[in-house]
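Since the structure comes first, as structure tokens, the remarks are kept for the end.
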Amino acid sequence: MRILVADAFPEQHRNRLAEAHDCAYEPDTTAEQLPARLGGCEVLVVRSTRVTAEALENADALRLVIRAGSGTNTIDCDAASRLGIRVANVPGRNAIAVAELAFALLLSLDRNVPDNVADLRAGRWDKKRYSKARGIFGRDVGVIGLGQIGLAFAERAAAFGTRVHAVAKPGRDSETQERARAIGITFVDDLPELARTCDVLSVHLPATDSTRHLVDRELLAQVRPGTIILNTARGDLIDEDALIEAMDAKGVRAGLDVYADEPSTGTIDSRLAAHPNVYGTHHIGASTEQAQEAVACEVVRMVEEFASGTVLHCVNPEAAREPSLSASEAS
């Protein structure tokens, strides 16, 4: 098979792909360049590169798009389904890395770590200011979304002695229920109750039409003054204007790794990212060596399974084209 890897991918795993397939590695490909580079490709591997309907419509042989990460919001899945192209992701392999960053943001907010560092580097010594911190032990932490990342965050929050809460949801699988019991999660009836109960809310959901602006003015009206909001999932989950208003009016603080309009390079023009109540990072939640190795290893396995006729982690099973068909047979 011909494979295009259009984002950074560990060399060891690129070599494994190249041993069995015609593998092109073009990690600097942009969304605008992608349509012209898909000729003859049967498998596309991306991480951050956006895959538009135009790119998919210009692909003459494409049968599978693999997102080397958990979300697929950067891929036009509707267009892929219409064209018979399977889309797959790599769930769970970066969960620990994202949970670690979310918790790092929580600790940084509590102890004002970035401002401490900035002042110290500038030669300013202000122990009185930075001695003021509430602490994490005993706080009520609400986890919105109990997927692999949400559970990993909840485990770390519990280990720090917090009381972990989540919204009750029917039909959760037995593994999730067992992990929730082991963590000691207390369930509440709905999201407004979670907001009223907790002084830390950490969001761990995919970006969908139903989750867009889940954290909005109505929900933020329920939170306590000084509540900490964490988002290491997707920027669209939060109404940024509403969050800015809550920070100004109620002293809400936020630890963010994601934003509504993120640039690929250069500068970011974001009122939210620039707000003094925000400690932010550059959408790096999954960017640890451990996570990238785990994701890449799974991508290689997915390619090999696909070559044998099986699509792992498919998010659009309604796509009509069978993976066992060759490009010429499927056209």
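Bear in mind these aren't lab numbers, they're just calculated from the coordinates by the rules spelled out. Bear in mind that the values here come from a model prediction, so they are computed numbers and not experimental data. In this analysis, Cβ positions are derived from the backbone assuming ideal geometry, glycine residues included, and neighbour counts consider all displayed protein chains.
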- Task: Fewest Cβ neighbours within 10 Å first, please rank ASP28, ASP257 accordingly.
- Result: ASP28, ASP257
- Message: Can you tell me, using C-alpha contacts under 8 Å and at least 6 residues apart, the relative contact order of the stretch 95-280 as a whole percent?
- Response: 20 percent
- Please list, in chain and number order, the residues 5+ apart from VAL188 or on another chain whose amide H is under 5 Å from its amide H, with Hs placed from the backbone. ALA166, VAL167, ALA168
- Query: So what's the angle, to the nearest 10 degrees on a 0 to 90 scale, between helix 174-183 and the longest Cα principal axis of the chain?
  - Reply: 30 degrees
- To the nearest 10 degrees, how steeply does helix 11-20 sit against the main Cα axis of the chain, on a 0 to 90 scale? 20 degrees
- Message: Just want the ordering: LYS128, LYS169, LYS250, from fewest to most Cβ atoms lying within 10 Å of their own Cβ.
- Response: LYS128, LYS169, LYS250
- Gain in span if fully extended, PHE187 to THR265, counting 0.36 nm per residue against the direct Cα distance: 24.0 nm
- Task: Report, in degrees rounded to the nearest 10, the 0 to 90 angle that the Cα long axis of helix 148-159 makes with the longest principal axis of the chain.
- Result: 30 degrees
- Message: How many angstrom lie between the Cα centre of the stretch 1-69 and the Cα centre of the stretch 231-272?
- Response: 30 Å
- Please give the calculated 222 nm ellipticity per residue for the chain, where each DSSP H segment of at least 4 residues contributes -39500 (n - 2.57) and the sum is spread over every residue; nearest 500 deg cm²/dmol? -10500 deg cm²/dmol
- Item | Length gained when the stretch LYS132-ARG163 is fully extended (0.36 nm per residue, less Cα-Cα span) | 8.9 nm
- Note on the structure: Listing PHE153, PHE103 by rising number of other beta-carbon atoms within 10 angstrom, fewest first, gives PHE103, PHE153
- Which entry in [x] 18.7, 58; [y] 21.5, 72; [z] 19.0, 55 matches Rg and Dmax of the Cα atoms in Å derived from the coordinates of this structure? [y]
